[in-house]
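Novice: Got a structure here, written out as structure tokens. Questions coming.
The values are calculated or read from the model by the stated rules, or taken from the named source; none is laboratory data. The model shown is predicted, which means the values in this text are computed figures rather than measured ones. Quick reminder, even Gly has a Cβ in these numbers, built from the backbone with ideal geometry, and neighbours come from all protein chains shown. Heads up: the accessible areas ignore ligands, DNA and RNA and are worked out on the full protein's heavy atoms, side chains in. Shrake-Rupley method; radii C 1.70, N 1.55, O 1.52, S 1.80 Å.
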Amino acid sequence: EYIALGQAFWVSTTGSGTDITIDELAKIAGTSTTFYRTQAKKTIDRLTIALSNGTVTDKTAIRLDSRAKTTFDRFDGVKLDNQLFDISTLSKDSVSLIVNATDSVSCGSVIKIKTKDMTAGSYTMSFTTEGVFNQYTLMLKDAYTGQNVSTAQPYSFTVDASEASQALDRFQLL
């Protein structure tokens, strides 16, 4: 209902040229806005994918939420471009997401992983599961090497000068 003193918030729009202005009149005097956690931490059904070159790490997450859709919606977070390399997952309508909230992940479904701006070198992709994702057996498909590997262990790979090695669609979760 209220944003507590010192708390941040994020505003996302889908239209171009959209502005938001919040001035002093938005404050409500005499209202306690002290932030307290009131509930025990809930288990989150989430799969986090980390891509590292040994020095820098970027992450993306897939989260289950019964209110979410497989296409981009208000429960997703759009991926912003990093200075170095990026990892994200793609919604069904091909939006690059840092948080990909979906209502379900079923057997046989494919989740596209987008890697961008990787230069020649060694990389590791690792996976952290929480909640219901602990019950899943997920495989990572590397289209460049033709390998399908378990996400139970980190996957080390190299990127060379070839376009196929650096392809945005090199990886998929099966």
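Novice: Given the conditions (1) small (Gly, Ala, Ser); (2) part of a strand (DSSP E or B); (3) surrounded by 16 or more Cβ atoms within 10 Å (Cβ to Cβ), report the number of the one that SER122 does not fulfil.
Specialist: So SER122 meets the others, but not (3).
Novice: Being of a type in the set (Lys, Arg) and open to solvent by 80 Å² or more (accessible area, probe 1.4 Å) narrows it down to one residue among ARG63, ARG74; which is it? Can you show your working first?
Specialist: Numbers: ARG63 fails: open to solvent by 80 Å² or more (accessible area, probe 1.4 Å).
Criteria check complete, one pass: ARG74.
Novice: Return the total of residues in the range 84-93 being in contact with a strand residue (DSSP E or B) (Cβ under 8 Å, 6 or more places away or on another chain), assigned to a loop (DSSP other than H, G, I, E, B) and either touching a residue at least 60 places away in the same chain (Cβ under 8 Å) or closer than 23 Å to SER66 by Cβ (or both).
Specialist: 1
Novice: Continuing with this model, one more query. Give me the residue from the range 110-119 that is among the β-branched types (Val, Ile, Thr) and assigned to a strand (DSSP E or B) and, out of that set, farthest from THR55 (Cα to Cα).
Specialist: First pass over the range 110-119, keeping only residues among the β-branched types (Val, Ile, Thr): 110-111, 113, 115, 119.
Narrowing further to those that are assigned to a strand (DSSP E or B): 111, 113, 115.
Numbers: ILE111: 26, ILE113: 21, THR115: 17 Å.
This residue is ILE111.
Novice: Check off (1) open to solvent by less than 60 Å² (accessible area, probe 1.4 Å); (2) out of contact with any Asp or Glu (no Cβ under 6 Å at 6 or more places or on another chain) for LEU84 and give me the number that stays unchecked.
Specialist: Only one criterion in (1) open to solvent by less than 60 Å² (accessible area, probe 1.4 Å); (2) out of contact with any Asp or Glu (no Cβ under 6 Å at 6 or more places or on another chain) is unmet by LEU84, namely (1).
Novice: When both residues are 6+ apart or on different chains and their Cβ atoms are under 7 Å apart, which pairs have a first residue that lies in the range 110-138 and is closer than 21 Å to THR70 by Cα and modelled with pLDDT of 95 or more, and a second that is part of a loop (DSSP other than H, G, I, E, B) and among the aromatic types (Phe, Trp, Tyr)?
Specialist: Once the first residue is closer than 21 Å to THR70 by Cα and modelled with pLDDT of 95 or more and sits in the range 110-138, its partners that are part of a loop (DSSP other than H, G, I, E, B) and among the aromatic types (Phe, Trp, Tyr) give THR115/PHE85.
Novice: Kindly check whether there is at least one residue in the range 6-24 that is within 18 Å of ASP169 (Cβ to Cβ), in a loop (DSSP other than H, G, I, E, B) and not basic (Lys, Arg). Steps first, please.
Specialist: Kept after step one, since they are within 18 Å of ASP169 (Cβ to Cβ), are these residues of the range 6-24: none.
Among the residues of the range 6-24, not one is within 18 Å of ASP169 (Cβ to Cβ), in a loop (DSSP other than H, G, I, E, B) and not basic (Lys, Arg), which makes the answer no.
Novice: Note down all Cβ pairs under 7 Å where the first residue falls in the range 58-83 and is of a type in the set (Phe, Trp, Tyr), the second is in a loop (DSSP other than H, G, I, E, B) and open to solvent by 60 Å² or more (accessible area, probe 1.4 Å), and they're at least six residues apart or on different chains.
Specialist: If the second residue must be in a loop (DSSP other than H, G, I, E, B) and open to solvent by 60 Å² or more (accessible area, probe 1.4 Å), the pairs left are PHE72/ASP93; PHE75/ARG67.
Novice: Let me ask you something else. For the range 112-155, which residues satisfy the criterion of being closer than 20 Å to VAL99 by Cβ and among the hydrophobic types (A, V, I, L, M, F, W, C)?
Specialist: Listed by number, the residues that qualify are ILE113, MET125, PHE127, VAL132, PHE133, LEU138, LEU140.
Novice: So, in the range 54-105, exactly how many residues are hydroxyl-bearing (Ser, Thr, Tyr) and farther than 25 Å from MET118 by Cα?
Specialist: Pass one, the range 54-105, residues hydroxyl-bearing (Ser, Thr, Tyr): 55, 57, 60, 66, 70-71, 88-89, 91, 94, 96, 102, 104.
Add one more test, that the residue is farther than 25 Å from MET118 by Cα, and what stays is 66, 70-71, 102, 104.
Here the count works out to 5.
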